[in-house]
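Structure first, then comments.
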Amino acid sequence: MHNLKHSPLVEAPEFIVIDPHKAMMASSLDKIRVQGGTQLNGEIPISGAKNAALKHLCAAMLTGDPIQFTNMPVGLKDIQTLAALMKEMGVEMTLRSDGVMFVQAKDIHSTEAPYDLVRRMRASVLVMGPLLGRFGEATVSLPGGCSIGTRPIDLHLDGFRAMGADITLEEGYVKATAPAGGLHGAKILFPKVSVGATENVMMAATLAKGETVLMNAAREPEIIDQGEALIKMGAKISGLGTSEIRIEGVPHLHGMTHDIIPDRIETGTFMIGVALTGGTVTLKHTRTDFLTSLIGPLQQAGVTIEESGEDVIVHRNGKPLVGTDIMTEPYPGFATDLQAQFMTMLTMCEGAGMVTETIFENRFMHVPELQRMGADITVQGNSAIVRGVKKLKGAEVMATDLRASVSLILAGLVAEGETTVDRIYHLDRGYENLVDKLEACGAKVFRESSRQAEE
Ligand code: UD1
């Protein structure tokens, strides 16, 4: 096995100290000011995928051996929050600012994920599968309501039950206990495609006795990346990227190193940014193959996108954008995480476009904020008709989820005057160095810390 004890960790002294409670509170009141009207031109490095990285960290608890990740988006609050939760459980970890992360779950002294952390970041429920699989028990606070819908975890729990786990609910906590001999394999047909449930159950199944078959499994690139990392750890998995995943349980998993895939949602967000402002931006170290459902509509709207080695060059020449319809669906359909940004683009199109959200029932919170900036949007049930307007106007806006927040920054880039986006805590959860990346391409973006505002 790769010897991680002597990895290059010693060469770079810059470590990130995790104090999640402090870090989260410090920036929760910051604002971002955007002065609209400049094109984006330049280069943007794309970070490792948040939605893969979080699950990789959880999976690292399936073994006591050392694991090393590269391209880990260590600047994200979500990563730091999960790292802090795992540290509290006894996992040793080092986050380095160049994206190298070292994790070793040798001695775990707690298998509980407390409310305070789960409520801040729903992905913490993904510790359940690995803990249950390896230690036979896990106690996780119920995530509760969320601003983009109810987001239940019943499919995760039904999967664990099918593998023999006993599930009880006590004082807001879900306790899962494996039977005496450990979890056993099972045939599980998910009634709905769920990214989280597929990942959680897949992780538990790697150490179960016998074969587990996941039917109607999610096919997201992040699941493939997670499955490939698990295979490097010794798991026996086939069918990744299809709706039927087979996992043959093994007694133990071992250490490995893994380079995390680029963030397709960050990539798509900047593509839409260029579509809005015009200009030419090279997105460094990313791919187009996992964004076909976005690239089609962007090309229809008049954007050119070409791959050049590990980079993607996005260009719009200033011709008007053309309205086009989209509907969010499980992968490979249009990603729900790009819906708000795409809607922002449609506000400036010629003609109109319709946006239909089928994944979450309450994911139009950006609409009233965009309307305050002058957008013409009519919502009917889970669809929104967006009629293009000549211009947006800067305003003070606020959003209560990650992708809605970034959609308002994008709107600010093309709005007349200044836009102030409040509660950017959400942005810090999922976009690494957003302000720096946009500034480097000519945008007039400025982060105002709450302390500066008070002064
Ligand atoms: C979802 C997105 C994912 C996105 C993430 C963050 C899909 C299929 N998934 O993943 O791409 O990155 O949000 O925004 O687009 N559900 C249940 N019971 C469960 C689990 C889920 O009913 O136990 C429902 C959800 O309410 C939702 C649907 O299934 O309507 C998909 O949920 P799921 O894929 O699990 O959500 P995430 O894993 O959060």
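The values are calculated or read from the model by the stated rules, or taken from the named source; none is laboratory data. Since this is a predicted model, take the numbers as computed values, not measurements. Every residue, glycine as well, gets a Cβ built from its backbone with ideal geometry; the counts of neighbours run over all protein chains shown. Protein only, heavy atoms only, side chains kept; ligands, DNA and RNA dropped before computing areas. Shrake-Rupley method; radii C 1.70, N 1.55, O 1.52, S 1.80 Å.
A residue that is within 15 Å of the ligand (Cβ to nearest atom) and assigned to a strand (DSSP E or B) occurs nowhere in the range 282-302. Scanning the range 167-194 for residues that are in contact with a helix residue (DSSP H, G or I) (Cβ under 7 Å, 6 or more places away or on another chain) and not polar (S, T, N, Q) yields a count of 11. For the range 422-445, taking the residues that are at pLDDT 95 or above and of a type in the set (A, V, I, L, M, F, W, C), the one that is farthest from I44 (Cα to Cα) is identified as V445.
Of T242, T267, all but one fail to be under 25 Å from V100 (Cα atoms), outside any strand (DSSP E or B) and within 16 Å of the ligand (Cβ to nearest atom); the exception is T267. When P191 is tested against (1) at pLDDT 95 or above; (2) away from the ligand (no atom under 15 Å from the Cβ); (3) open to solvent by 10 Å² or more (accessible area, probe 1.4 Å), only condition (2) is not met. Would you pick out the residues in the range 140-167 that are more than 10 Å from the ligand (Cβ to nearest atom), modelled with pLDDT under 95 and in a strand (DSSP E or B)? Once the filter is applied, which keeps residues that are more than 10 Å from the ligand (Cβ to nearest atom), modelled with pLDDT under 95 and in a strand (DSSP E or B), the range 140-167 yields V140, S141.
Within the range 174-182, is there a residue that is part of a loop (DSSP other than H, G, I, E, B), within 16 Å of the ligand (Cβ to nearest atom), at negative phi and crowded, with 18+ Cβ neighbours inside 10 Å? Looking through the range 174-182, none of the residues is part of a loop (DSSP other than H, G, I, E, B), within 16 Å of the ligand (Cβ to nearest atom), at negative phi and crowded, with 18+ Cβ neighbours inside 10 Å.
Here the condition is being within 14 Å of the ligand (Cβ to nearest atom) and in contact (Cβ under 8 Å) with a residue 12 or more places away in the chain; of E357, E350, it holds for E357 alone.
Picking from residues in the range 194-211 that are away from the ligand (no atom under 16 Å from the Cβ) and part of a loop (DSSP other than H, G, I, E, B), the one that is farthest from M128 (Cα to Cα) is G210. Screening the range 310-335 for residues that are of a type in the set (S, T, N, Q) and closer than 21 Å to T277 by Cα and picking the one that is least open to solvent (accessible area, probe 1.4 Å) gives T324. Of the helices (runs of 4 or more DSSP H) lying entirely inside the range 71-137, those carrying at least 1 residues that are under 30 Å from E310 (Cα atoms) are 77-89.
Quick grid of which residues meet (1) open to solvent by less than 30 Å² (accessible area, probe 1.4 Å); (2) of a type in the set (K, R); (3) under 20 Å from the mean Cα position of the chain (by Cα); (4) over 22 Å from G430 (Cβ atoms):
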residue: C58; (1), (2), (3), (4): yes, no, yes, no
residue: T63; (1), (2), (3), (4): yes, no, no, yes
residue: N71; (1), (2), (3), (4): no, no, yes, no
residue: G75; (1), (2), (3), (4): no, no, yes, no
residue: M86; (1), (2), (3), (4): yes, no, yes, no
residue: D107; (1), (2), (3), (4): no, no, no, yes
residue: A123; (1), (2), (3), (4): yes, no, yes, no
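Here V322 meets the list (1) within 22 Å of P221 (Cα to Cα); (2) touching a strand residue (DSSP E or B) at 6+ places or on another chain (Cβ under 8 Å) almost entirely, failing just condition (1). Against the conditions (1) of a type in the set (D, E); (2) open to solvent by 40 Å² or more (accessible area, probe 1.4 Å); (3) within 16 Å of the ligand (Cβ to nearest atom), E112 satisfies every one except (3). Criterion applied to G333, G381 was being within 16 Å of the ligand (Cβ to nearest atom) and free of Cβ contacts under 8 Å to residues at least 24 places away in the same chain, and the one residue passing it is G381. Only helices (runs of 4 or more DSSP H) whose full extent lies in the range 350-455 are considered here, and the ones with at least 1 residues that are open to solvent by less than 60 Å² (accessible area, probe 1.4 Å), in contact with a strand residue (DSSP E or B) (Cβ under 9 Å, 6 or more places away or on another chain) and among the charged types (D, E, K, R) are 366-372, 434-439.
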